[in-house]
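Below: the structure, in structure tokens.
The values are calculated or read from the model by the stated rules, or taken from the named source; none is laboratory data. These numbers were taken from a predicted model, which means no experiment stands behind them. Neighbour counts are summed over all protein chains in view; Cβ atoms, including those assigned to glycine, are modelled from backbone coordinates with ideal geometry.
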Amino acid sequence: MVETVNILVVDDEKGIREGCRRVLTSEGYAVDMAENGKQGLDMVKAKPYDLLLVDLMMPIMSGIELMEEVRHFDPEIIMIVITGFATIETAIDAMKHGAYDYIPKPFAPDQLISVLNRGLEKRRLRKEAEKLREERDQKLLEVASEKTKLHAIVNSMADGIIVINRERQLVLWNPAAIKMLDRNVKLETGRDVDEIIKEKDLIEVINKVFSPSFSQYTILSEEIELTGDEPKTIMVNVACVRDEKGSDLGVVSTFRDITRLKEVEKIKSQFVSMVAHELRAPLAAVEGYLAAYLTGVAGKDPQLNRQMLERARLRTQSLMELVNDLLQFVRLESKKVVRKKELLDLSDIIVNTVELLKQQGTSKDLTFQLDIPDKLPLIEADRAEMEQLFTNLISNAIKYNIKNGTVSVSALPDTHYLGIKVSDTGIGIEEEALPCIFDEFYRVQGEKTRYTTGTGLGLSIVKRIMESHFGRIEVESEVDKGTTFTVKLPLKEIN
Ligand code: ATP
Ligand code: MG
């Protein structure tokens, strides 16, 4: 679509106005007319014009005054002066006030059109240049904002990143890299990588990528131990950086702190070897009894043979207990366990657990004291886990008790939590063993515990149950006097 070019002719001479209009309309321009400067200015303010033809000598408002006003109102309008006394001075004066060119009166139509077309061409070029500049500015803005985005992303990455060029100079890095490498040196673009990275292993990985035999599409991954104030294990991935054409630009290295991961791995393998060890002893005993029975080592005495089988059975029972504890432990460990937390009154659970376990204490003639009110304040908990918790605590109080001892279970009144105390008058726990009793597989070794069986998982399960219920467990003990475990569970509503 061809845009209409709007032209305003401002002249007090009707003949000139009409003449111009005729010529310009026949050329396809839209032409308006004004007979003095004031009228011309009003029209410029009311409608956008591309070009003004202005007579200099006019009543009310002169051409110069008009041009001055228009120049401020719309500097893009091309103004051409029509002047009856075209001297150099008037021309210069007009130019000073913003005129693009001038036409001396009288003029031929061709002359008018030629000056006018030049003016319009200038306006077109000026507009185009303006458009290009705007586009360029826009692109610049986009690039700048992309750069800012990239910068923000790289800076907030948890993994460290360092980019070096082919000359082994630093090009890009982020705060995570500085933190991981624990460097005091000031990182700045252009610094030699060998000044910044002192770890021999790390430099070796980077060197491999620089070597000519290195395949450009490989990513080298290596674990590196960083010594220092805080030793760390870092997983380093190093790869070449290439442009779209495939030319080598440098090397990018990313660092991930895997110290914690390595620790967990170590704990896991320790756990496996501990479990294997715990399983081995009872299995070896069972195997021994069965072998003795089968080879007839115990002779023909049926009593003796039966005894052996019974012992084997006892050991398999404790093996079963161990496996059950392990399963429970793993279940609690994998945070995926589905807990059915409900509003619970623990009094029934505690009374029933004591009743169930009482018979374990008959050989020791234990006395059981229960000081639990019929109704306890409600807590939000998983019933099965609460049963397990009190079974473990009460069975310990029985197992590590002495002849004619006492096991007491009581509730503590408090407004913020429900406290339950499980006390015994048993062998007690030495002070140095206390911090370990909640560890997996830990059992106090000694003359007094020698004949009690157990896996050492009971209290670690208790601890985990307490954690998942946002509670606390405390222990007080005195050797040969007894032990008290106190559990504190948050109340559903603080009253
Ligand atoms: P499990 O409960 O798995 O059958 P366990 O009783 O040996 O085995 P925990 O309940 O975890 O394991 O207890 C760890 C250790 O703490 C016990 O081996 C024992 O030495 C000590 N202990 C626990 N409770 C008492 C207690 N009431 N009195 C004295 N020692 C205790
Ligand atoms: Mg126990």
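List of remarks:
- Inspection of the range 248-270 finds a residue satisfying the criterion of being farther than 29 Å from Ser460 by Cα, surrounded by 10 or more Cβ atoms within 10 Å (Cβ to Cβ) and polar (S, T, N, Q).
- Residue check for Glu432: outside any loop (DSSP other than H, G, I, E, B) and at pLDDT below 95: yes
Yes/no per residue for (1) in contact with a strand residue (DSSP E or B) (Cβ under 9 Å, 6 or more places away or on another chain); (2) outside the structural domain of Val354 (by TED's automatic domain parsing); (3) within 11 Å of ligand 2 (Cβ to nearest atom); (4) at pLDDT below 95:
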position: Asp382; (1), (2), (3), (4): yes, no, no, yes
position: Glu387; (1), (2), (3), (4): no, no, no, yes
position: Pro413; (1), (2), (3), (4): yes, no, no, yes
position: His416; (1), (2), (3), (4): yes, no, no, yes
position: Asp424; (1), (2), (3), (4): yes, no, no, no
position: Gly428; (1), (2), (3), (4): yes, no, no, no
position: Glu447; (1), (2), (3), (4): no, no, no, yes
position: Tyr451; (1), (2), (3), (4): no, no, no, yes
position: Gly454; (1), (2), (3), (4): no, no, yes, yes
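- In the condition set (1) farther than 16 Å from Asn6 by Cα; (2) free of Cβ contacts under 8 Å to residues at least 60 places away in the same chain; (3) not acidic (Asp, Glu), Pro48 is compliant with all but (1).
- A single member of Glu440, Glu431 is under 45 Å from the mean Cα position of the chain (by Cα) and either within 24 Å of Gln328 (Cα to Cα) or among the hydrophobic types (A, V, I, L, M, F, W, C) (or both), and it is Glu440.
Yes/no matrix, rows are residues, columns are (1) assigned to a helix (DSSP H, G or I); (2) in the same structural domain as Leu314 (by TED's automatic domain parsing); (3) touching a residue at least 60 places away in the same chain (Cβ under 8 Å):
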{"site": "Val241", "(1), (2), (3)": "no, no, yes"}
{"site": "Leu290", "(1), (2), (3)": "yes, yes, no"}
{"site": "Leu294", "(1), (2), (3)": "yes, yes, no"}
{"site": "Val297", "(1), (2), (3)": "no, yes, no"}
{"site": "Lys300", "(1), (2), (3)": "no, yes, no"}
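- Among residues of the range 427-438 that are under 21 Å from Gly405 (Cα atoms), those with a beta-carbon under 7 Å from a residue that is within 14 Å of ligand 2 (Cβ to nearest atom) and of a type in the set (A, V, I, L, M) at least six positions away or on a different chain give the pairs Ile429/Ile437; Ile429/Val444.
- Restricting attention to the range 374-390 and to residues that are assigned to a loop (DSSP other than H, G, I, E, B) and touching a residue at least 40 places away in the same chain (Cβ under 8 Å), the residue that is farthest from Lys421 (Cα to Cα) turns out to be Leu378.
- Filter pass, Leu322 being in contact with a helix residue (DSSP H, G or I) (Cβ under 8 Å, 6 or more places away or on another chain) and either within 16 Å of Phe390 (Cβ to Cβ) or within 16 Å of ligand 1 (Cβ to nearest atom) (or both): yes
- Unique residue being in contact (Cβ under 8 Å) with a residue 40 or more places away in the chain and among the acidic types (Asp, Glu) when the list is Asp137, Asp55: Asp55
- Yes/no for Ile60 being touching a helix residue (DSSP H, G or I) at 6+ places or on another chain (Cβ under 9 Å) and surrounded by fewer than 19 Cβ atoms within 10 Å (Cβ to Cβ): yes
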